[in-house]
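> Attaching a single structure in structure tokens format; questions to follow.
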Amino acid sequence: MTLHSEKLSPPPATSGVRWWGNSFVRVILGRVGQLAVLLWGVSTLLFFLLRFAGDPALIMAGDNATSEFVDEIRVQYGLDRPLFVQYFFFLWHAAKLDFGYSLASGLPSLDLVLAQLPWTIKLSGLAIMLNLLVAIPLGAWLGQAPERRTRNAVSSLVFILQGTPGFVTGLLLIQFFAVKLGLFPSIGSEGTLSWVLPTLTLTAFLAPRLTRVLASNVAEAMQTDFVRTARAAGASESQVLVRHALPNALLGTAALAGSQLSYLLSGAIITETIFAWPGLGLLLIDSVRTLDFPVVQASVFVVACFVFFVNTSVEMLFRILDPRLKQRTK
């Protein structure tokens, strides 16, 4: 009797709480907030640094311009306003992805940046692919038996290459393959052969470090208990390396590979300048030289977004691949 007379209360409405309390959603919302703070901080710092660097009206007017003409240029581009008025005006338009028009060409700044962006992405993609194709097998080979003489000699060569600046490698490649042998063009982006030297330059800068880190991780993994168990079970050295040591070593190098991709997407300014590559790096250098504020601000904004997106994607992928991080997130 009492059992049937009791009223069953409805279950608590926790679906919304569960949705908002989901770890993945919390991470995404946190990353969006971090991105907003990052973009605001970078844009603010860059805004004031550029204003203190010089007056673009003087560069636009030329050497023989009168002061009246320079003042007209300042009024035309809003450079005559107080600095903080310019700052809040910039923030208001930047929030709407409006960075104004280029002071040099008169074209929309963001359109100029987005037009150069595919060249940097393509070059970065080729470089990171070649980087992985070289560093993974070479690092696995070096880490498998680091005490052998041949591997020690190769390891020393990798160490030397890691300390060589990228612009030095690029200039040596131009001198040998473009000037002496005439095999590849040294500037521009016309034709398939023009991609070879910039890609090799970036790869020569990235591959040695990734190789050394992977070799160290492989050597450490070869001394673990599960590798000894695999050897005791009759697995060959190649099977131990490919099936057991290398997969665990790759987890430790994923973060480094992600940071290298961020470096490439940030423009690889020196390499693009050496080879006159029509990417973000060359555009940014030219814009800084002419004090083209809108283009510089749009370039840094796009680069910051890409670097943040790449780093966040690598972190998410790392959490998926590593069960320990996944359990910690839960």
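The values are calculated or read from the model by the stated rules, or taken from the named source; none is laboratory data. Note that the structure is predicted; figures quoted are calculated from it, not measured. Because the Cβ atoms are built from the backbone with ideal geometry, glycine has one as well, and the counts that use them run over all protein chains shown. Each accessible area value is taken on the protein alone, full model and side chains, heavy atoms only, with ligands, DNA and RNA left out. Shrake-Rupley method; radii C 1.70, N 1.55, O 1.52, S 1.80 Å.
> Roughly how many Å² is the accessible area per residue of the chain, as a whole number, for a 1.4 Å probe?
59 Å²
> For Ile121 paired with Asn311, estimate the spin-label separation in nm (one decimal), with each label point 7 Å from Cα along the Cα-to-Cβ line.
Using points 7 Å along Cα→Cβ, the separation is 2.1 nm.
> Provide the solvent-accessible area of Ile160, counting protein heavy atoms only and rolling a 1.4 Å probe, rounded to the nearest 10 Å².
100 Å²
> Right, next: Can you send over the carbon and sulfur percentage of the accessible area for segment 228-321, probe radius 1.4 Å, protein chains only?
The nonpolar share, carbon plus sulfur, comes to 70 percent.
> Give the ranking of Met316, Met60 by solvent-accessible surface, highest area first, calculated with a 1.4 Å probe.
Met60, Met316
> Can you give the calculated 222 nm mean residue ellipticity of the chain, where each DSSP H run of n ≥ 4 adds -39,500 (n - 2.57) and the sum is split over every residue, rounded to the nearest 500 deg cm²/dmol?
The helix-only estimate for the chain comes to -23000 deg cm²/dmol at 222 nm.
> Let me ask something additional. Which listed residue (Gly281, Leu261, Ala232) has the Cα farthest towards the positive end of the charge dipole for segment 142-287, taking +1 on Lys and Arg C-beta and -1 on Asp and Glu C-beta about the Cα centre?
In segment 142-287, that residue is Ala232.
> Please list, by residue number, every one of the trypsin sites (Lys or Arg not before Pro) in segment 142-178 that is coil in DSSP and has at most 13 other beta-carbon atoms within 10 Å.
Within segment 142-178, the qualifying trypsin sites (Lys or Arg not before Pro) (loop, at most 13 other Cβ atoms within 10 Å) are Arg148.
> Between Gln162 and Leu114, what is 0.36 nm times their sequence separation minus the Cα-Cα distance? Round to one decimal in nm.
Residue separation times 0.36 nm, minus the Cα-Cα distance, leaves 14.1 nm.
> Next up: In 5 Å bins starting at zero, report the fraction of Cα pairs in segment 32-160 per bin as a rounded %.
2, 8, 11, 13, 12, 10, 8, 7, 7, 7, 6, 5, 3, 2, 0
> Ignoring ligands, DNA and RNA, please state the percent of accessible area on segment 65-204 from carbon and sulfur, probe 1.4 Å.
69 percent
> If I take all pairs of Cα atoms in segment 93-222, what percentage of them are more than 24 Å from each other?
49 percent
> Further question on the same structure: At 1.4 Å probe size, with no ligands or nucleic acids counted, give the accessible surface of Leu35 in Å², nearest ten.
Approximately 50 Å² of Leu35 is accessible to the 1.4 Å probe.
> Probe 1.4 Å, all protein chains in place: accessible area of Asp71 in Å², nearest 10?
80 Å²
> Just by accessible area at a 1.4 angstrom probe, what is the order of Glu272, Glu220, Glu190 from largest to smallest?
Glu190, Glu220, Glu272
> Summing +1 for each Lys or Arg and -1 for each Asp or Glu, what net charge is found among the other residues whose Cβ lies under 15 Å from the Cβ of Leu214?
Once positives and negatives cancel, what remains is +2.
> Provide Tyr77, Tyr87, Tyr101 ordered by accessible surface of protein heavy atoms (probe 1.4 Å), highest first.
Correct descending sequence by accessible area is Tyr101, Tyr77, Tyr87.
> Continuing with this model, one more query. Name the residues whose placed amide hydrogens come within less than 5 Å of the amide hydrogen of Tyr101, ignoring near sequence neighbours (fewer than 5 apart) on the same chain.
Ser109
> Calculate, for Ala276 and Ala53, the FRET efficiency according to 1/(1 + (r/R0)^6) with r their C-beta to C-beta distance and R0 22 Å; round to the nearest 0.05.
0.35
> Just to be sure I understand, if you calculate log10 I(q)/I(0) by the Debye sum over Cα atoms at q = 0.07, 0.08 Å⁻¹ for this structure, which of (i) -0.36, -0.45; (ii) -0.29, -0.38; (iii) -0.45, -0.56 do you get?
Given (i) -0.36, -0.45; (ii) -0.29, -0.38; (iii) -0.45, -0.56, the structure-derived one carries the label (iii).
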